[in-house]
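As structure tokens, the structure follows; a few thoughts come after it.
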Amino acid sequence: MSKIFERMQKRQFTRKQKSKLEVAMIYLILAVMFLIIFYPLFWAFAISMNTASNLFTASLSPENWSLDNYVWLFTNPRSDYLQWYRNTLFVSTIVTVVTTLLVSFTAYAFSRYRFRGRTYGLYAFLLLQMFPVLMAMVALFILLNTIGLIDNLWGLILIYIGGNIPMNAFLVKGYLDTLPKSLDESAKMDGAGHFRIFFQILLPLAKPILSVVALFNFMAPFMDFILPRIVLRSPENFTLALGLYNFVNAQFSNNFSRFAAGAVLIAIPIATVYLLLQKYLISGLAAGATKG
């Protein structure tokens, strides 16, 4: 009996060691990932607080931390940063609202209805996701030039909305498929129509996936450079990504510290939207949907 008891203790001790080792490895991986993510963020913030504009003379630990670069962005007459910020917020807001609404209607139709061409429509969405947007740049430029939307924010908005629908609609459709159709049938028995079922039953349950779609659509105009570069021409119409690029692109421009300050401020609206949507992003799937 004593030997059996000793063997059991050894096994328990070995399990505890393995458990501690696994926990230690998890924390080690998290620490490494934190350093990988935090270092470029700290680098950008530190460079933005330097008084030197040259990247090679700037320091990650400046002796005199200064907000001059941030002040320059908003107060200097030569800076269009505030206008670029307004343009980007305008584009992001319109794209987020319209795309999320259209994607919701499209996904609902493909998830709940059976109609002629439904299968081929889903195949078309899959095929459209296989081709990068760069392949359509020439056609998009010609189309926008034909309808007079070159160097216009509305032309950029139309491209974003049209390009985001296929992938997001397929994503939301898969989510709606997991919601039981018994909810629709029960609502129909109570006299609810299609719009009431959509807005009062399915949309509240689909908040987690719609929040993801809204967040990604809001972030895209802040990060994208290629499309604004092709569509927009006038500096007053630039978005942040395109405008900030000009700080370091011109032959005699070397404003890396101002570029870093502008890049740091981009995180404010994105973080704000994320904080507003986080309760839906982490909420359970259809929690309490069948109660009552």
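The values are calculated or read from the model by the stated rules, or taken from the named source; none is laboratory data. As the structure is a prediction and not an experimental result, all values here were calculated from the model. Cβ: placed from backbone, ideal geometry, glycine included. Neighbour counts: every protein chain shown. Surface accessibility is based on the protein's heavy atoms, side chains included, excluding ligands, DNA and RNA. Shrake-Rupley method; radii C 1.70, N 1.55, O 1.52, S 1.80 Å.
Check Ile150 against each of (1) touching a residue at least 40 places away in the same chain (Cβ under 8 Å); (2) under 18 Å from Thr99 (Cα atoms) and name the one condition it does not meet.
(2)
Could you pull out the residue among Leu102, Leu122, Leu89, Leu82 that is surrounded by fewer than 12 Cβ atoms within 10 Å (Cβ to Cβ) and either more than 23 Å from Ile197 (Cα to Cα) or of a type outside the set (S, T, N, Q) (or both)?
Of the residues listed, the single one that is surrounded by fewer than 12 Cβ atoms within 10 Å (Cβ to Cβ) and either more than 23 Å from Ile197 (Cα to Cα) or of a type outside the set (S, T, N, Q) (or both) is Leu82.
Could you say which residue among Ala206, Ala260 is over 19 Å from Asn164 (Cβ atoms), at pLDDT below 90 and open to solvent by less than 20 Å² (accessible area, probe 1.4 Å)? Break it down stepwise before answering.
Working: Ala206 fails: over 19 Å from Asn164 (Cβ atoms).
Exactly one residue qualifies, and that residue is Ala260.
Look at Pro204 and say whether it is touching a residue at least 40 places away in the same chain (Cβ under 8 Å) and out of contact with any helix residue (DSSP H, G or I) (no Cβ under 9 Å at 6 or more places or on another chain). Lay out the reasoning, then the answer.
Details: touching a residue at least 40 places away in the same chain (Cβ under 8 Å): no; out of contact with any helix residue (DSSP H, G or I) (no Cβ under 9 Å at 6 or more places or on another chain): yes.
Answer is no for this residue.
Report yes if Thr57 is modelled with pLDDT under 80, polar (S, T, N, Q), out of contact with any Ser or Thr (no Cβ under 8 Å at 6 or more places or on another chain) and open to solvent by less than 100 Å² (accessible area, probe 1.4 Å), otherwise no.
Considered against the rule, which asks whether it is modelled with pLDDT under 80, polar (S, T, N, Q), out of contact with any Ser or Thr (no Cβ under 8 Å at 6 or more places or on another chain) and open to solvent by less than 100 Å² (accessible area, probe 1.4 Å), Thr57 comes out as yes.
How about region 105-119: which of its residues are surrounded by fewer than 16 Cβ atoms within 10 Å (Cβ to Cβ) and more than 26 Å from the chain's Cα centre (by Cα)? Quick ask: steps written out before the conclusion?
At the first step, the residues of region 105-119 found to be surrounded by fewer than 16 Cβ atoms within 10 Å (Cβ to Cβ) are 105, 113-119.
Hits for region 105-119 are Tyr113, Arg114, Phe115, Arg116, Gly117, Arg118, Thr119.
All but one of (1) closer than 17 Å to Ile94 by Cα; (2) open to solvent by 40 Å² or more (accessible area, probe 1.4 Å); (3) hydroxyl-bearing (Ser, Thr, Tyr) hold for Tyr160, so report the exception by its number.
Against the list (1) closer than 17 Å to Ile94 by Cα; (2) open to solvent by 40 Å² or more (accessible area, probe 1.4 Å); (3) hydroxyl-bearing (Ser, Thr, Tyr), Tyr160 comes up short only on (2).
Please go through region 68-79 and pick out each residue that is open to solvent by 70 Å² or more (accessible area, probe 1.4 Å) and either in a loop (DSSP other than H, G, I, E, B) or under 19 Å from Ile47 (Cα atoms) (or both). Spell out the reasoning first.
Here is the first cut: in region 68-79, the ones open to solvent by 70 Å² or more (accessible area, probe 1.4 Å) are 68, 71, 74-75, 77-78.
Matches in region 68-79: Asp68, Val71, Phe74, Pro77, Arg78.
Ala139 - would you say it is within 28 Å of Met223 (Cβ to Cβ), of a type outside the set (Phe, Trp, Tyr), in contact (Cβ under 8 Å) with a residue 60 or more places away in the chain and assigned to a helix (DSSP H, G or I)? Give the steps one after another, and end with the answer.
Working: within 28 Å of Met223 (Cβ to Cβ): yes; of a type outside the set (Phe, Trp, Tyr): yes; in contact (Cβ under 8 Å) with a residue 60 or more places away in the chain: no; assigned to a helix (DSSP H, G or I): yes.
In short, no.
Tally up the residues in region 116-136 that are on the phi > 0 side of the Ramachandran plot and assigned to a helix (DSSP H, G or I), please.
Narrowing region 116-136 to residues on the phi > 0 side of the Ramachandran plot: 117.
Applying the additional criterion that residues be assigned to a helix (DSSP H, G or I) yields none.
Total meeting the criteria: 0.
Within region 171-194, count every residue that is touching a helix residue (DSSP H, G or I) at 6+ places or on another chain (Cβ under 6 Å) and either free of Cβ contacts under 8 Å to residues at least 60 places away in the same chain or surrounded by fewer than 12 Cβ atoms within 10 Å (Cβ to Cβ) (or both).
1
Count, please, the residues in region 137-157 that happen to be within 24 Å of the chain's Cα centre (by Cα), open to solvent by 40 Å² or more (accessible area, probe 1.4 Å) and closer than 17 Å to Phe225 by Cβ.
Residues flagged as within 24 Å of the chain's Cα centre (by Cα), open to solvent by 40 Å² or more (accessible area, probe 1.4 Å) and closer than 17 Å to Phe225 by Cβ within region 137-157 amount to 1.
Output the qualifying pairs, or none if there are none: Cβ atoms under 7 angstrom, residues six or more apart or on different chains, first residue in region 69-86 and more than 17 Å from Thr51 (Cα to Cα) and touching a residue at least 24 places away in the same chain (Cβ under 8 Å), second residue open to solvent by 80 Å² or more (accessible area, probe 1.4 Å) and in a helix (DSSP H, G or I).
Correct list of pairs: Asp80/Glu236; Tyr81/Phe74; Gln83/Glu236.
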